1. Give the aspartates and glutamates reachable from K235 as a straight Cα distance under 13 Å; neighbours fewer than 8 places away on the same chain don't count.
2. Under the classification rounded if a/c is under 1.5, otherwise prolate if a/b is larger than b/c and oblate if not, where does the range 152-284 fall, given a ≥ b ≥ c as square roots of the Cα gyration tensor eigenvalues?
3. Given a cut-off of under 8 Å on Cα pairs at least six residues apart, what relative contact order in percent is computed for the chain?
4. Which of the trypsin sites (Lys or Arg not before Pro) across the range 20-81 are loop residues per DSSP, with 13 or fewer other Cβ within 10 Å?
5. May I have the convex hull volume per residue, in Å³, for the Cα set of the chain?
6. How many Å² of accessible area per residue for the chain, probe 1.4 Å?
7. Could you calculate, for the range 211-297, the ratio of the Cα radius of gyration to the Kirkwood radius, expressed as Rg to Rh?
8. When the chain is treated as a GNM, springs tying every alpha-carbon pair under 10 Å, which of L265, L152, L82 comes out with the largest mean-square fluctuation?
Amino acid sequence: MKHFINIKDIPVSDLRKIILDAKKRKKKRKNLNILDVDKNSPLKGKFLIQMFEKSSTRTRLSFYLAIKQLGGGTLTLRPDELHLAKDESLADTAKILSTYGNAFMLRTDSDKKLKEFKKHINIPIINGLSPSSHPTQILSDIFTIEEIKKKLISKLNICWIGDANNNVINSLIAASVKFSFNLNIGCPKKYEPKKHLLRWAKKNRGKIYIFNDAKKAANNADVIFTDKVISMNDKINKAKKIKDFKKFQVTSKIINCAKRDVIFLHCLPRGSEVSNEVFLGKHSKVWRQALNRVYVQKSILLYCLDKL
């Protein structure tokens, strides 16, 4: 049984298979309507159960379309609708999910809960976002980068500007090791990545460079990523944090430090971390980035259900 919880734990050969399959599937859907089913209905009769403990737009829509286009069905649950929120144990809930479903996608506010579900569930579990990891987002982003640049990501310079202590950058760091690409991180000193993650990356020959200057981080970049300064997990003085990141807003001045054909990516929703000029400008590929999540998540589902 294959889970999809953390990029760190998945062989790069499997990650590559998922990307290759997504590429083929996207090409084959050129003339199909959104709800048309893929040829051969590879997941006909399969049932995906989704549970969202955190708000979601792209993850919710993309997984819904992913399973539908593969010929399967889905049901989305809210925790407050379940006995789990009141009087049923997580272990018993996991057993019930295993009885009714073929796969479980969880978007959670607790890494501990994700581990507990994995321990008790008998069907594949997919991490749709947890406090420490956002693997489906980053694998889809790699797909988007290679699609646009027409090069393997290992040949490109990737840059992250912003808070380097959240789930998206954690998964990007893991991916930089797995796919062997250069990763420059530009952030204020007290918002650098967690030390244990950097130690793991160094031990595994990761090429990660930290800058406390956004322009230096963006130098010679092929891709610039950012994310909201105030994330869903933040329980801090928001006004102070926004002030700390004043010099790390992705503006045209930052973009001009990168290569002329640099692309800008953002997992969304956006905030003050990027200027309108950049977000809506020619370098921005955020809408294609969002759409591509459907194709990659289809291939993740196939991978987890041994249909890849």
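1. Candidates past the 8-residue exclusion: D109.
2. oblate
3. In percent, rounded to a whole number, it is 21.
4. Passing sites in the range 20-81 are K30, K39, K44.
5. 131 Å³
6. Solvent-accessible surface per residue comes out at 49 Å².
7. Reported Rg/Rh, Kirkwood definition of Rh: 0.98.
8. In the Gaussian network model the winner is L82.
The values are calculated or read from the model by the stated rules, or taken from the named source; none is laboratory data. This is a predicted model, so every value here is computed, not measured. Glycine gets a Cβ as well: all are built from the backbone with ideal geometry, and neighbour counts include every protein chain shown. The area values use the complete protein model at the heavy-atom level, side chains included, leaving out ligands, DNA and RNA. Shrake-Rupley method; radii C 1.70, N 1.55, O 1.52, S 1.80 Å.
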